Amino acid sequence: MHTTPANVRDEQPLLAMIAHLPAVQGPRGRPRQKPGAVVGDRGYGFPHIINAIIAMKILSMLAPRGSDHGSGMGKIRYVIERTFVWFGHWRRLKICYEKRAEHWQAFNELVAAMICFRKLRRIQTGL
């Protein structure tokens, strides 16, 4: 993960983040070195970004800039927006009190781990 300042446009760190993703081990075989698809809204849909994603042999599900609304990604987007809401329930993250970006990043990663832990616990207990 990489946190950027608020004045950095969304698409600028995207290609670097994809290039630096760690390998993910699946159920069998070699670890995946890259994602199967990239999903994003019009903030990422610049033609040069879409072309770079396709050149990496990754499926681009980025909405092109200036396209009509209603991309059909509502189900996927709901999961993302819901997760952002879950992050917002942690008071420490609502307002940034940290002086260093590393501390802010650490708290975000801790919250992500807690959200995953609670989700797994709910699945295991059958609630």
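The values are calculated or read from the model by the stated rules, or taken from the named source; none is laboratory data. This is a predicted model, so every value here is computed, not measured. All Cβ positions, even for glycine, are placed from backbone atoms using ideal geometry, and neighbour counts span all protein chains on display. For accessibility, only protein heavy atoms count, side chains too; no ligands or nucleic acids. Shrake-Rupley method; radii C 1.70, N 1.55, O 1.52, S 1.80 Å.
Over the chain, what is the mean sequence separation of C-alpha contacts under 8 Å (at least six apart), divided by residue count, expressed as relative contact order in percent?
Relative contact order here is 18 percent.
Round to a whole number: what % of the accessible area of the chain belongs to carbon and sulfur, probe 1.4 Å?
Exposed carbon and sulfur together represent 60 percent of the surface.
How much accessible area per residue does the chain have, counting only protein heavy atoms and a probe of 1.4 Å, in square angstrom?
Here the residues of the chain average 80 Å² of exposed surface.
So if R0 is 35 Å, what FRET efficiency would S67 and A112 give, r being the distance between their Cβ atoms, rounded to the nearest 0.05?
Once rounded, the FRET efficiency stands at 0.70.
Taking 2.2 N^0.38 Å as the expected size of a compact globular protein, what ratio does the Cα radius of gyration of the chain give against it, to two decimals?
Expressed relative to 2.2 N^0.38 Å, the Cα Rg reads 1.22.
Provide the gained length on full extension for the span L120 to I58, in nm with one decimal, where the gain is 0.36 nm per separating residue minus the Cα-Cα distance.
Result for the pair: 19.4 nm of gain on full extension.
Can you compute the modelled spin-label distance between L15 and R28, with each label point 7 Å from Cα toward Cβ, in nm?
Output for this residue pair reads 3.8 nm.
Net charge near F46: determine it from the other residues with C-beta under 13 Å of the C-beta of F46, scoring Lys and Arg +1 and Asp and Glu -1.
Within the 13 Å Cβ shell, the charges total 0.
So how much slack lies between W104 and W86, counting 0.36 nm per residue of separation and subtracting their Cα-Cα distance, in nm?
In short, 4.8 nm is gained.
Mark the label point 7 Å from the Cα of D41 along Cα→Cβ and return the residues of segment 1-30 whose backbone N is within less than 15 Å of it.
Answer for this model: 9-11.
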